[in-house]
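Here's the structure, in C-alpha cells; my notes come after.
The values are calculated or read from the model by the stated rules, or taken from the named source; none is laboratory data. Keep in mind it's a predicted model, so treat the numbers as computed, not measured. Here the Cβ is made from the backbone with ideal geometry for all residues, glycine too, and neighbour counts use every protein chain on show. Side chains included, ligands, DNA and RNA excluded: accessible areas come from the protein's heavy atoms. Shrake-Rupley method; radii C 1.70, N 1.55, O 1.52, S 1.80 Å.
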Amino acid sequence: MKITFPYMGTPLVYKKLVEMLGHEPITPNKPTQRIIEQGVKNSPEFACFPMKVIMGSYIDALERGAEVILSSGGNGPCRAGFYGQMHEKILNSLGYNPKFIILDSIHRDFKGFIKNFKMITQNVSLCQLYSIFKFLHKMSSDLDQLEMQLQTKRAYEINRVECNKVWEKIQSIFDKTYIKKDLIKAKEKCQILIDDINIRKIPENEKIRIGIVGEIYAVMESSINMKMEELLGSFGCEVRRAHYLSHWIEDNVVPKIFSKSKDGEICKKGQKYIEVAIGGHAQQTIGHIVDYKEQGFDGIVHLMPFACLPELVSQSIIPKMSNEIGIPVLTIALDEQMGVANNTTRIEAFIDIIRNSKEKKYRAS
Amino acid sequence: MNKVFLGIDVGSVSINVVVIDDEYKVISKQYIRSNGQPLESTKQAIRNLRKEIDAKYNVYGVGTTGSGRQLIGMMIGADVIKNEITAHATATIHYVPEARTIFEIGGQDSKMIFLKDGLITDFAMNTVCAAGTGSFLDHQAERLGIPIQEFGAFAKRANKKVRIAGRCTVFAESDMISKQQFGFSKEDIIKGLCEALVRNYLNNLGRGKKIHAPYVFQGGVAANDGIRVAFEKELGQKVIVPEHFDVMGALGVAVLAKEYIEFTKEITKFRGYEAADVDFTPTSFECSGCSNLCEVIKIEINGEVIAMWGDKCGKWTNSVKAI
C-alpha cells in the first residue's frame, strides 16, 4: 500500500515505520505556501490551523499517489479528535477516496488500536513487529537527543545556520540505517558532526534558556510556527520543546509498565491550575511551565493555533500562574499570517525583558 | 561642535525623527506622515535635519526602531536597531521615571507595557483586531467627515451618553451607523467611540493582568484628548501624556543609541546626511527554487547588493556577506 501521514517535525521515523512494515511511503512535503493555501481553501473557516495545514498535506500526498492515510487521533475532548473523520469527509467530497487509519492512544482504546494497526501490519510477524518497533523507538530517541544538543548549540553558533545544516545531514545519515548496528554507528558519526560546530563561549550567568510549550503541532512543526526555535536561537537562547516524538511514543504506545513516560508527572504538575484533562495538551502545557521553572529555565514561549479551545483555557490561566511561580510567559497565536515582523518584535522585547532582569539579579548578588 | 544622538522610528503611519543632546534634551523632533512611502519620507526627514542641525552639531550615534527598523537602519547606518516595545519603554523610564504602566496606541498596533523599578516586567500587544488602533479612528474620522486632529475637541463637546460596541470594528461601525440614524450628534458618537476604543483596549490588552498607576499615555493617538479623558474616566485616575508623546519610540531609541555608544566607546556607523541622497533601491523577485515561491526582497546601494531577505530557506539571506 502507498501510505502517507501528516508532516510534523522530521518525518523520518514515520517514513521508516511504513517502509519497514513493507509498504511504500509517500513522504509528505514540508508544508509550503501552496500546501497551506490548498488546506485553507478546503477546510471549514473556523477550524484550527493545524487541521487546515494537514488537510493541504494530504491533498498534496494524494496527488502524488498515496492510497492510505495514517494518522494519530486526538487527545481528550478537543476538536483534534474529529480531524480524521473531517478530513475523510472533505477529501471524499473532493473526489479522493483514500483509506484512513487513525491510531488513538493504545492506553485508551487497546482493541481499537490493535484492530487499526493490524491493517498495516499484515506483512510482518509479531516477532518482526517487535524488533521494528524497538528499532524505531531507539531511532526516535537518538534523533531527539541529537536535536536537543543542536537546540542548545544554535544559541552560540558562530557560522549562522550551521546547526540547521548539521540537522539536515543527521537526518540523511539516519535515513540510511535499517539495523541496530548501523544506528549505533550513525549516532557516533552525528555526534562528531555536532561536536565540530564552532561556538562562542558565553558565561553561565548570561545564558538564557527558553521552553516552548503549547499545542503539539504548533510546537513541533517549524513551517507553521515561524521557525520559533531558530528565531530564539538567533537571539542567543537555548531552546527546549514540550513535545518530542520519542516522548509521544513513550506516552501513547509503549505499555505502561515499561514506559519512561513523564506525561503523568507533567500532568500532575499542571493539576493545581487545570484539575481535569480538558483535551488537547492544555494540562501538559501548564505542567510543562511548572516543570521548566523547576529546571531553572528563564522564560516560556506558549504557542497556540488561533481559537484552539484547550490552549485558550491555558492562555487565560497563564498570567496568574506566571506571577505565582515567577517565570515570564509569552503567548503567541498562530494562523495563516506569514508576516513575521510583529512576532519578531514580541520575541525581541520578551528576550530583552529576560536579559535585563537577569542582569539585575546577577549584579545584586 | 556639540554631540547629538539620532533616533528614528519607522512606523506604519508616520516616520518620527528625534535628536537629543548629551543631557538627554530634545533638540529637534519631526513627525511626518509616511503615506505608504517610508523610504522617501525618511530621506525627506534627513534632508530637513541637515538644514536644521548640520552646522551646529555632530552626530555621535544613531538608532532605529519601528516595523521598518531593519531596512532604514541599513540605509542610514544605525548603531542600534531595537524593537519598538523596548524603545518606547526606555523613553518613558527616562522622561517619566515614576510611570508603572504605559498605554501606547499607534497606527497599526497598540501596546501596554508594565514597568517596575525602571525595568520592563511585562507587555501585551494587540493580536488580531484593529479595533483598538489609530487606523480605525482615522477611518471613522474620514467616514464622519471630520479631520482627525479635531476628534478630541468634538468628543469634549458631547453632552449625551452613547454606547458603542468596542469588541470589533465591524460591530462598532454598525453601532455607529444605527446611532447616527437615531439622531445622535457627531459629538456624542465620537465620544462614544473614544470610550469604546478605551474599553476594548483595556479588555484586550490588560486581560488577566494587574495594572498600576501612574499611567502614561503615548503614541500618535495620545494627541486625541478625547481618548485621554475616556481613559481617566474608565480608570478613575489621572493619565499622564508626556511632552513628546508622539515621538516616544524615536526618543527611546536615541537614548539607547547614546547609551550604547557611551558603553562601547565605538564610533558611529552613521553614513552621514548623504544617506538621503544615495541611490537606495529595494526590489523584489519570486524565487522559484521550490514550491514556496518566496517573495525575496533585495536591497542595493549604488548598485551593490547589501541585503536580501524574505526567503524561508535562507538561500538568499545568507548569500550576502555581512557589512
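Taken together, the residues in region A:323-336 that are more than 9 Å from chain B (Cβ to nearest Cβ), open to solvent by 50 Å² or more (accessible area, probe 1.4 Å) and modelled with pLDDT of 85 or more amount to 1.
The rows are residues; the columns are (1) over 20 Å from residue A:118 (Cβ atoms); (2) of a type in the set (Gly, Ala, Ser); (3) surrounded by fewer than 22 Cβ atoms within 10 Å (Cβ to Cβ).
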| residue | (1), (2), (3) |
| --- | --- |
| A:24 | no, no, yes |
| A:29 | yes, no, yes |
| A:39 | yes, yes, no |
| A:44 | yes, no, yes |
| A:49 | yes, no, no |
| A:71 | no, yes, yes |
| A:81 | yes, yes, yes |
| A:95 | yes, yes, yes |
| A:105 | no, yes, yes |
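Open to solvent by less than 90 Å² (accessible area, probe 1.4 Å), small (Gly, Ala, Ser) and either at pLDDT 90 or above or within 18 Å of the chain's Cα centre (by Cα) (or both) - does that describe any residue in region A:219-229? For region A:219-229, residues open to solvent by less than 90 Å² (accessible area, probe 1.4 Å), small (Gly, Ala, Ser) and either at pLDDT 90 or above or within 18 Å of the chain's Cα centre (by Cα) (or both): present. Of everything in region B:165-195 that is modelled with pLDDT of 85 or more and part of a loop (DSSP other than H, G, I, E, B), the residue that is nearest to residue B:31 (Cα to Cα) is B:185. Of the helices (runs of 4 or more DSSP H) that lie entirely inside region A:173-248, those containing 1 or more residues that are under 18 Å from residue A:156 (Cβ atoms), in contact (Cβ under 8 Å) with a residue 24 or more places away in the chain and not β-branched (Val, Ile, Thr) span A:180-195, A:228-234. Would region A:337-347 turn up any residue that is part of a helix (DSSP H, G or I), surrounded by fewer than 20 Cβ atoms within 10 Å (Cβ to Cβ), of a type in the set (Lys, Arg) and at the interface with another protein chain (Cβ under 10 Å from one of its Cβ atoms)? Checked region A:337-347: no residue is part of a helix (DSSP H, G or I), surrounded by fewer than 20 Cβ atoms within 10 Å (Cβ to Cβ), of a type in the set (Lys, Arg) and at the interface with another protein chain (Cβ under 10 Å from one of its Cβ atoms). Restricting attention to region B:28-61, the residues that are open to solvent by 30 Å² or more (accessible area, probe 1.4 Å), in contact with a Phe, Trp or Tyr (Cβ under 7 Å, 6 or more places away or on another chain) and at pLDDT 90 or above add up to 1. In region B:64-87, which residues are within 14 Å of chain A (Cβ to nearest Cβ) and not in a helix (DSSP H, G or I)? Result: B:64, B:65, B:66, B:67, B:68, B:80, B:81, B:82, B:83. Taken together, the residues in region A:348-365 that are at the interface with chain B (Cβ under 9 Å from one of its Cβ atoms) and within 24 Å of the chain's Cα centre (by Cα) amount to 2. If you check residue A:344 against the conditions, is it of a type in the set (Ser, Thr, Tyr) and within 15 Å of the chain's Cα centre (by Cα)? Spelling it out, it is not the case that residue A:344 is of a type in the set (Ser, Thr, Tyr) and within 15 Å of the chain's Cα centre (by Cα). For region B:212-228, the criterion of a residue being at pLDDT 85 or above, within 14 Å of another protein chain (Cβ to nearest Cβ) and within 30 Å of residue A:333 (Cβ to Cβ) is satisfied by at least one position.
Of the listed requirements (1) open to solvent by 40 Å² or more (accessible area, probe 1.4 Å); (2) at pLDDT 95 or above, residue B:319 misses just one: (2). Taking region A:139-172 as the range and being part of a helix (DSSP H, G or I) and among the β-branched types (Val, Ile, Thr) as the test, the residues that pass are A:152, A:166, A:170. Among the residues of region B:238-259, not one is within 15 Å of the chain's Cα centre (by Cα), among the β-branched types (Val, Ile, Thr) and not in a helix (DSSP H, G or I).
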